[in-house]
Amino acid sequence: MHLPTDSPAVPAGTGPALPERVVVRLLVALSVAAGCLDVLCVTRLGGVFASVVTGNLVQLGRAMATVDGRLTAAGSAAVGGYALGVTAGTVALPVARGTGWHRRTSLVVAGEAILLTAVAVAWPAVGAQPGRTTAPLLLGLAATAMGVQSAVTISSGVRGASTTYLTGTLTDVVRVLAGDPHRIASVAGSAVRLAALLCGAVVGTLALRFAPRWAPVLPMALAGAVVVAAAALGRGRREER
């Protein structure tokens, strides 16, 4: 079952929604960005993720039990930043406006791209040198960007989609295939996002190995590319009408 891509609940002036098939592709690009950013954070910024809140809460609990101040700061920055990002994205894309990818959605992703740009700019002084005490600030920026991305994904109009926390996505794919392998087409988009996240992690790891100072450029560039592509496609749809 798919949600309609043109929702009557969306007020005039926001522009026509992009077709769901296009949004699905944009979400794949954002999944790659999340995988790349997460591997950078967990490797260089204190052992926590930008978007995997479950793992971060476990790490935060371990830090509290062992009185590990550095890990506590990192875990708190990640969880707090993610919550802040979700809040900002939800306020910017309220449920009352309906679902679908509109011009407002692209503006919110542009905000995410700005946060990732800040991460990329600060990275040479912080992320490229593990152990710096300023790492929680960078981690907070990265987590805020992923919180915004999660809010965007939920409001995108693609039912059940996720580009950051994909445990439920994997669970759904496996359940469908275990129950009826012939229904693979119904979870193809979810499987592609899982693969995209994995590819992002692979690329991020290679970037850390061969060009560590430039590693955060990929997630920043992907978010920016999504904004540009969505704007171009949205303009085309408005001209058609």
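The values are calculated or read from the model by the stated rules, or taken from the named source; none is laboratory data. None of the values given here were measured: they were computed from a predicted structure. All Cβ positions, glycine included, derive from the backbone under ideal geometry; neighbour counts span all protein chains shown.
Among (1) at pLDDT 95 or above; (2) under 27 Å from E20 (Cα atoms); (3) out of contact with any Gly (no Cβ under 7 Å at 6 or more places or on another chain), which single condition is A113 missing?
Tallying (1) at pLDDT 95 or above; (2) under 27 Å from E20 (Cα atoms); (3) out of contact with any Gly (no Cβ under 7 Å at 6 or more places or on another chain), A113 fails exactly one: (3).
Give just the number: which of (1) closer than 27 Å to T72 by Cα; (2) more than 16 Å from the chain's Cα centre (by Cα) does V176 not satisfy?
Of (1) closer than 27 Å to T72 by Cα; (2) more than 16 Å from the chain's Cα centre (by Cα), only one is false for V176: (1).
Can you list the helices (runs of 4 or more DSSP H) found entirely within the stretch 49-126 that contain at least 1 residues being acidic (D, E) and within 21 Å of G157 (Cβ to Cβ)?
It comes to 103-122.
Is one or more of the residues making up the stretch 183-194 among the basic types (K, R), in contact with a helix residue (DSSP H, G or I) (Cβ under 9 Å, 6 or more places away or on another chain) and farther than 25 Å from V79 by Cα?
yes
List every residue pair whose Cβ atoms lie under 8 Å apart, where the two residues are 6 or more positions apart in sequence or sit on different chains, the first residue falls within the stretch 80-101 and is farther than 18 Å from S162 by Cα, and the second residue, located anywhere, is surrounded by fewer than 17 Cβ atoms within 10 Å (Cβ to Cβ) and among the aliphatic types (A, V, I, L, M).
A92/L107; A96/A9; R97/A9
What are the residue pairs meeting all of these: first residue in the stretch 21-42, first residue part of a helix (DSSP H, G or I), second residue basic (K, R), Cβ atoms under 8 Å, and 6 or more apart or on different chains?
Here the result reads L27/R193; V28/R193; S31/R193, each pair linking the stretch 21-42 to a residue that is basic (K, R).
Among V148, V95, V126, which is farther than 27 Å from A211 by Cβ and out of contact with any strand residue (DSSP E or B) (no Cβ under 9 Å at 6 or more places or on another chain)?
V95
Show the residue pairs meeting these rules: Cβ distance below 6 Å; 6+ apart or different chains; first residue within the stretch 149-168 and in contact (Cβ under 8 Å) with a residue 24 or more places away in the chain and of a type in the set (A, V, I, L, M); second residue crowded, with 22+ Cβ neighbours inside 10 Å and outside any helix (DSSP H, G or I).
none
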